[in-house]
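The values are calculated or read from the model by the stated rules, or taken from the named source; none is laboratory data. Please read these numbers as outputs of a predicted model, since none were measured by experiment. Cβ atoms come from the backbone with ideal geometry, glycine included; neighbour counts cover every protein chain shown. Accessible surface is based on the protein model in full, side chains and every heavy atom, while ligands, DNA and RNA are left aside. Shrake-Rupley method; radii C 1.70, N 1.55, O 1.52, S 1.80 Å.
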Amino acid sequence: MSYLILLLAISFILTVHFVAYRFFIIAFRIRRKRIKKTLFLILGILSFSFIISAILSRVWANGFIKIFYLISSIWYGFMVNFIMAMGLFLIVLIISKISKFKINKVLISRIFLALTVLYSIFGIYSAFFPIIKNLTVSIRDLPEEWEGKTIVQLSDIHLGQIIGTRFMNRVNEKVDEINPEIVVITGDLFDGMNKSLNSFIEPLNNIKAKKGVYYVTGNHETYIGVKKALDTLEKTEINVLDDEVALVNGLQIIGVSYPGLEKDIANDKNYNFNTPSLLLYHAPTDIRIKQIDHNNMYYSPKINFDYAKELGVDLQLSGHTHKGQIFPFNFITNYMYNGYDYGLHKEGYFSIYISSGTGFWGPAMRTGSRSEIVAITLKKK
């Protein structure tokens, strides 16, 4: 089955790039054979550039590989937008043929190409410059010390080949503006594509919060190696919660490592059912289910928060979905997660916020969602 999916994916990639080849010939009226051959070669290389650059980045870490990885990731995002533009272009051609209304194919193709480029530029900006998402959440029996105070959630930053210290410094500047009580990082801090993580120690230490920074692992930490990620974080002031509870001024922060519970939270010395609780877990799913395969992780996630409610959790903070990241994949994530792919959802005393992510992964582009830094103000219910 996996080989069939791989074959279909390769066939699709090659077909899309061949269509792009034909489109560019029409749009720019290319007639010379030498230029056609050059274009065909370039698109042939670009068709598998992201896969090749991803493989190379696991072996070598240098400036050339990083630039190659960045260009190929932008190209793949551009091709998603290009496919949609081609769909609209074909619709225009069909309408023109049915209505017998003559159009200038070259002019129309260039317009669609220009719109695709502009849309892609917007997507790149949306990915690299996170917005601050403000919301208010009411929690029962919230201690007076937390009334009106702010928690910042960072999720899915994906520090690695593309997202580096400059990006993290921009995030830190925005966090400083918010001046939060605590900062929580809900997994996928690293993207699993970098050989060394030492360059990220300083910017991670520069995340400022009055009462500390708390972190749980995500699925990408398993790709890069959980030990490698945790060894790096030991050199920072970030508090790692591995199926354990931290008590901060009367608010208990429950941190569950991905892919799911290994320890019984109820046995933790800091756990108290009657204490207001904040749950950190990477995926918007049941924390008891082991997300150990792609079926559980992506195709059939268990959207169930019963155990979190049994623990008395007031607010769960998750990420993972990226809200699809690139249009129209946001519709797919919304379907897969039964609407729990983004935003604030309330069920009685229980609430969950799913972040679209602070960074991005894969194509260096966001057209289906924005990169965000979540600022949550707490109120007593």
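Can you tell me which residue within segment 366-381, out of those that are within 10 Å of the chain's Cα centre (by Cα) and of a type in the set (Gly, Ala, Ser), is modelled with the highest pLDDT?
Going through the qualifying residues, I end up with SER371.
May I ask you to verify whether PHE78 is in a helix (DSSP H, G or I), of a type outside the set (Val, Ile, Thr) and open to solvent by 50 Å² or more (accessible area, probe 1.4 Å)?
Taking the combined requirement at face value, the residue does not satisfy it.
How many of the residues making up segment 189-207 are part of a loop (DSSP other than H, G, I, E, B) and at pLDDT below 95?
Within segment 189-207, residues that are part of a loop (DSSP other than H, G, I, E, B) and at pLDDT below 95 number 7.
Do we find a residue being among the hydrophobic types (A, V, I, L, M, F, W, C), closer than 24 Å to ARG366 by Cα and either under 23 Å from the mean Cα position of the chain (by Cα) or not in a helix (DSSP H, G or I) (or both) anywhere in segment 27-44? Can you show your working first?
We begin by selecting, within segment 27-44, every residue among the hydrophobic types (A, V, I, L, M, F, W, C); these are 27-28, 30, 35, 39-43.
Now restrict to residues that are closer than 24 Å to ARG366 by Cα: 43.
Next cut, either under 23 Å from the mean Cα position of the chain (by Cα) or not in a helix (DSSP H, G or I) (or both) only: none.
Within segment 27-44, not a single residue is among the hydrophobic types (A, V, I, L, M, F, W, C), closer than 24 Å to ARG366 by Cα and either under 23 Å from the mean Cα position of the chain (by Cα) or not in a helix (DSSP H, G or I) (or both).
Would it be correct to say that PHE101 is of a type in the set (Phe, Trp, Tyr) and either modelled with pLDDT under 90 or under 19 Å from the mean Cα position of the chain (by Cα) (or both)?
Details: of a type in the set (Phe, Trp, Tyr): yes; either modelled with pLDDT under 90 or under 19 Å from the mean Cα position of the chain (by Cα) (or both): yes.
The answer is yes for PHE101.
With respect to LYS211, is the statement that it is open to solvent by 10 Å² or more (accessible area, probe 1.4 Å) and not in a loop (DSSP other than H, G, I, E, B) true?
Details: open to solvent by 10 Å² or more (accessible area, probe 1.4 Å): yes; not in a loop (DSSP other than H, G, I, E, B): no.
So LYS211 fails the test.
Find the residue count for segment 328-367, including only residues that are in a loop (DSSP other than H, G, I, E, B) and either open to solvent by less than 10 Å² (accessible area, probe 1.4 Å) or within 25 Å of SER138 (Cα to Cα) (or both).
Number of matching residues: 18.
Here is a yes/no grid of residues against (1) in a strand (DSSP E or B); (2) among the β-branched types (Val, Ile, Thr); (3) open to solvent by 80 Å² or more (accessible area, probe 1.4 Å):
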site	(1), (2), (3)
ILE98	no, yes, yes
LEU107	no, no, yes
VAL117	no, yes, no
ILE157	no, yes, no
ASN169	no, no, no
GLU173	no, no, yes
ILE185	yes, yes, no
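Determine which member of the set PRO301, PRO363 is modelled with pLDDT under 90 and within 18 Å of the chain's Cα centre (by Cα).
Unique residue meeting the criteria: PRO301.
If I go through segment 230-286 residue by residue, how many of them are without any contact (Cβ under 8 Å) to a residue 12 or more places away in the chain and either closer than 20 Å to PHE305 by Cα or buried (at least 19 other Cβ atoms within 10 Å of the Cβ) (or both)?
Summing the residues that are without any contact (Cβ under 8 Å) to a residue 12 or more places away in the chain and either closer than 20 Å to PHE305 by Cα or buried (at least 19 other Cβ atoms within 10 Å of the Cβ) (or both) in segment 230-286 gives 2.
For every residue, the table says whether it meets (1) charged (D, E, K, R); (2) open to solvent by less than 70 Å² (accessible area, probe 1.4 Å); (3) part of a loop (DSSP other than H, G, I, E, B).
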residue	(1), (2), (3)
ILE111	no, no, no
ILE124	no, yes, no
LEU142	no, yes, yes
ASP176	yes, no, no
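Please list, ordered by first then second residue, the pairs with beta carbon atoms under 6 Å, 6 or more apart or interchain, first in segment 344-359 and at positive phi, second of a type in the set (Gly, Ala, Ser) and part of a loop (DSSP other than H, G, I, E, B).
Listed pairs, sorted by first residue: GLY357/SER155; GLY357/GLY319.
Considering only segment 23-64, how many residues are within 26 Å of SER11 (Cα to Cα), among the aliphatic types (A, V, I, L, M) and open to solvent by less than 70 Å² (accessible area, probe 1.4 Å)?
Result for segment 23-64: 8.
Can you tell me how many residues within segment 264-278 are of a type outside the set (Ser, Thr, Tyr) and not in a loop (DSSP other than H, G, I, E, B)?
Residues of segment 264-278 of a type outside the set (Ser, Thr, Tyr): 264-270, 272-274, 276, 278.
Going one step further and asking which of them are not in a loop (DSSP other than H, G, I, E, B), we end up with 265-267, 278.
Within segment 264-278, residues that are of a type outside the set (Ser, Thr, Tyr) and not in a loop (DSSP other than H, G, I, E, B) number 4.
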